[in-house]
Amino acid sequence: MYIVRRAVVWLRRCRHCRGFGVQSPWAYRFVRYVINEHYPYYSYAPLRHRWGGEGRQERKMCRLYFRIANFLQPSLAVDYSARHDIFKDHVNSGCRKTEVCLIPPCSPPGDIDVLLSRHAVIPFLRIAAEGGYQTVFAKAVSKADSRSIFVVEGINKNAATKKFWREIVASEQYPTTFDLYYCGIIFFNKKRYKENYIVNF
């Protein structure tokens, strides 16, 4: 099923491969050398050995998180998902110094406030579109700075997640977004021009 869906998505987005058509130099570099980097990183083999039973899509996403951590070198990564273990392993393989903190799915709003209050800035956030993801996102946004990268996983999961992502793309609060179909990536540097990049990931 994944192979069929992947083929359909790839055909629809074939004009957006490896940075084609991206005019901004920094955005091109991010697409080319982080999102769609095909270099076989040193950590891929041991990570696949540890997590070899995972599906292709999850492996693809986790390698993206590895590359983002390697690129950003964040002091902190916050994870709102049900698969914290594999996310943490890939992030720490990309940046050993990163503290990876979990917000359990369906956490009550009070618990979310307590967890987020421990951090002045969230450099890197992965949020799966499940449970109270919109509440978590709204609270986490106040902790983002100009270097932060937020990843929303599952933006095409259903009508609600598609609407949520469209609202993010339309908002002036989020100057730069990357639509990878399987997830959306958000940058917060307001010195950049407002732009949403479609990427064949």
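Summary table below
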quantity: Contact order normalised by residue count of the chain, Cα under 8 Å, 6+ apart, percent; calculated: 19
quantity: The chain - charge dipole about Cα centre, Lys and Arg +1 at Cβ, Asp and Glu -1, debye rounded to 20; calculated: 760
quantity: [x] 0.93; [y] 1.00; [z] 0.97, with the label sought being that of the calculated Rg/Rh (Cα atoms, Kirkwood Rh); calculated: [x]
quantity: Nearest-20 debye value, the stretch 156-201 charge dipole, Cβ charges on Lys, Arg, Asp, Glu; calculated: 60
quantity: Per residue solvent-accessible surface (Å²) - the chain, probe of 1.4 Å; calculated: 51
quantity: √(5λ) per eigenvalue of the Cα gyration tensor, the stretch 98-179, largest first, Å; calculated: 20, 16, 11
quantity: Amide H contacts of Val100 (H built 1.01 Å from N, under 5 Å, at least 5 apart or other chain); calculated: Ala77
quantity: Rounded to the nearest 20 debye, dipole of the stretch 32-117 from Cβ charges on Lys, Arg, Asp, Glu; calculated: 540
quantity: Leading residue at positive end of dipole, the chain (Cβ point charges), from Val91, Ile198, Phe150; calculated: Ile198
quantity: The chain, accessible surface, carbon-and-sulfur percent (1.4 angstrom probe); calculated: 54
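The values are calculated or read from the model by the stated rules, or taken from the named source; none is laboratory data. Small disclaimer: the values here were computed from a predicted structure and weren't measured. In this analysis, Cβ positions are derived from the backbone assuming ideal geometry, glycine residues included, and neighbour counts consider all displayed protein chains. Note: accessible area is taken over every heavy atom of the protein model, side chains too, but ligands, DNA and RNA are not part of it. Shrake-Rupley method; radii C 1.70, N 1.55, O 1.52, S 1.80 Å.
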